[in-house]
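The numbers here are math on the coordinates, done by the rules we state, and not lab data. Note that this is a predicted model, so its numbers are computed, not measured. Note that each Cβ is placed from the backbone with ideal geometry, even for glycine, and that neighbours are counted across all protein chains shown.
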């Protein structure tokens, strides 16, 4: 069978305004979803697990790597788009700024890393990472924002939030080839990977 690369966003987190966003942890729902995926056998062909260095990504990747018997590799540059200029934003305000981030990809919105810069970074990291893994499926564990930027690049479409994973708290994935081929489907919930739900619409 041909090699499959999956990009998986971390699921639900505990929102803590007093903690830097990269240090947020999974909440109970997020941990249960990860445990479900770890126990489902749906990633049995995976031989390599690579994670962003953010806590929530590592907490997602660690149980999966353990269940698969894989080493976990952390690549710090796979982090979410840099939003440290604003820190935590209340949900309604965050959604407005996130819309602007995707709509004006070459501009720094409120001091955030630009979407173009974040896309260049995540594509470079994925490309470099995959050079080292030529056998077995690869699981990349990261974030919804840069994951969407990666999806846009692979799909050869302009940066747009239209291709975001949508509401629901994360825990979605898409698949592509090591040659950075176009994903066959849009973001899907991990429950789809476990055979519990139908495909999300394109």
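Brief remarks follow.
- The single condition among (1) over 24 Å from residue 112 (Cα atoms); (2) in contact with a strand residue (DSSP E or B) (Cβ under 7 Å, 6 or more places away or on another chain); (3) assigned to a loop (DSSP other than H, G, I, E, B) that residue 132 does not meet is (2).
- Among the numbered conditions (1) surrounded by 18 or more Cβ atoms within 10 Å (Cβ to Cβ); (2) farther than 21 Å from residue 129 by Cβ; (3) in contact with a helix residue (DSSP H, G or I) (Cβ under 6 Å, 6 or more places away or on another chain), the only one that residue 100 does not meet is (1).
- Residues of the stretch 3-20 that are within 15 Å of the chain's Cα centre (by Cα) and over 20 Å from residue 186 (Cα atoms): 13 alone.
- Options 30, 39; residue that is surrounded by fewer than 18 Cβ atoms within 10 Å (Cβ to Cβ), out of contact with any helix residue (DSSP H, G or I) (no Cβ under 6 Å at 6 or more places or on another chain) and part of a helix (DSSP H, G or I): 39
- Among the residues making up the stretch 92-112, a single one is touching a residue at least 12 places away in the same chain (Cβ under 8 Å) and closer than 21 Å to residue 11 by Cβ: 98.
- Selection of the stretch 6-27 for residues being under 12 Å from residue 142 (Cβ atoms) and in a strand (DSSP E or B) yields 6, 7, 8, 9.
- Count of residues meeting criterion [assigned to a helix (DSSP H, G or I), within 24 Å of residue 127 (Cβ to Cβ) and more than 17 Å from the chain's Cα centre (by Cα)] in the stretch 60-100: 1
- Being in contact (Cβ under 8 Å) with a residue 24 or more places away in the chain and either over 16 Å from residue 146 (Cβ atoms) or surrounded by fewer than 20 Cβ atoms within 10 Å (Cβ to Cβ) (or both) holds for only one residue in 46, 14, and it is 46.
- Taking the stretch 154-190 as the range and being surrounded by 17 or more Cβ atoms within 10 Å (Cβ to Cβ) and not in a loop (DSSP other than H, G, I, E, B) as the test, the residues that pass are 154, 161, 163, 172, 173, 174, 176, 188, 189, 190.
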